[in-house]
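Student: Next up is a structure, given as structure tokens.
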Amino acid sequence: MLPPEYHAEISGILGKEYRAAKELLSKEKARLMRMAAELVVDRRMEFQARGSAEVRMLLDQHYMLDRSICMDIEKSRHFLSL
């Protein structure tokens, strides 16, 4: 579990990145849909269901990213306090 004092800061960072990615994808939606349709027609795209082991691996990666962000925040705070 992450320390409570980091939760708001990390949530803010992730929210900002999510909104930026969503905005970028929204602007490119027509082009992305066209590219996806071309790949499906050319039979170069497939959809796969993820198994529970793969989902756990992705969650573990997300947890490690959160821990890394916490460490970076702590280092930044320490540096700024010098």
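The values are calculated or read from the model by the stated rules, or taken from the named source; none is laboratory data. Keep in mind that what you see is a predicted model, and the values were worked out from it rather than measured. For neighbour counting, all protein chains shown are included, and Cβ atoms are generated from backbone atoms with ideal geometry for every residue, glycine included. Heavy atoms of the whole protein, side chains included, go into the accessibility calculation; ligands, DNA and RNA do not. Shrake-Rupley method; radii C 1.70, N 1.55, O 1.52, S 1.80 Å.
Student: Can Met64 be described as at pLDDT 75 or above and open to solvent by 80 Å² or more (accessible area, probe 1.4 Å)?
Tutor: Yes, satisfied.
Student: For the list (1) modelled with pLDDT under 80; (2) over 14 Å from the mean Cα position of the chain (by Cα), I need the number of the one condition that Met33 fails.
Tutor: Status for Met33: all satisfied but (1).
Student: Let me ask something else about it. Filter the stretch 1-32 down to the residues that are assigned to a loop (DSSP other than H, G, I, E, B) and touching a residue at least 24 places away in the same chain (Cβ under 8 Å), then identify the one that is nearest to Ile69 (Cα to Cα).
Tutor: Here the answer is Leu2.
Student: While we're on this one: Working only within the stretch 41-61, note down all residues that are among the β-branched types (Val, Ile, Thr) and at pLDDT below 75. Reasoning before the result, please.
Tutor: Residues of the stretch 41-61 that are among the β-branched types (Val, Ile, Thr), as a first pass: 41, 55.
Listed by number, the list holds a single entry, Val55.
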